[in-house]
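Data block below; observations after.
The values are calculated or read from the model by the stated rules, or taken from the named source; none is laboratory data. Everything numeric in this text was worked out from a predicted model, so none of it was measured. Ideal geometry is used to build each Cβ from the backbone, glycine not excepted, and the neighbour counts take in all protein chains shown. Ligands, DNA and RNA are stripped out before the accessible areas are found, and what is left, the full protein with its side chains, is counted by its heavy atoms. Shrake-Rupley method; radii C 1.70, N 1.55, O 1.52, S 1.80 Å.
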Amino acid sequence: MFHGRTVLLVVGLGFAVAPFVGGLRRLPAWIRFALTMSGVSLFLGAVIGFALERLRIQLSRQAQFIIYSHELVIYGIGLGIILLLIFSGEIFKALRVLDAERKK
């Protein structure tokens, strides 16, 4: 069955691996680190979600709530890093510089 967590798992892997592939390796180190950390947090949140789904029957209601809360916080960290990069505009500046270098 196809879940939203599967999409987040793939997107997380994509964000975690992208700074090490192709032209994105020339981005500033802090942007590469931010992309990697957001990818890792999205991936980790999806893994926690799959584990919670698998173990839901064996866990108490309080344990389910705590694990689900942690899952949401981890997703929020990943989304927050992505939004910070987008709204700061720094990633677009860096991508414009990379594009200009590529065209030369």
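The table for this structure:
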quantity	calculated
Lone qualifier among V40, V21, V10, V73 - being surrounded by fewer than 17 Cβ atoms within 10 Å (Cβ to Cβ), modelled with pLDDT of 95 or more and hydrophobic (A, V, I, L, M, F, W, C)	V73
Spans of helices (runs of 4 or more DSSP H) in region 1-93 with at least 3 residues among the aromatic types (F, W, Y)	29-55, 61-88
Test: residue in region 54-71 that is within 19 Å of L8 (Cα to Cα) and without any contact (Cβ under 8 Å) to a residue 12 or more places away in the chain	yes
Those residues of region 26-37 which are open to solvent by 60 Å² or more (accessible area, probe 1.4 Å) and either within 19 Å of I82 (Cβ to Cβ) or among the polar types (S, T, N, Q) (or both), in sequence order	A29, W30, R32, F33, M37
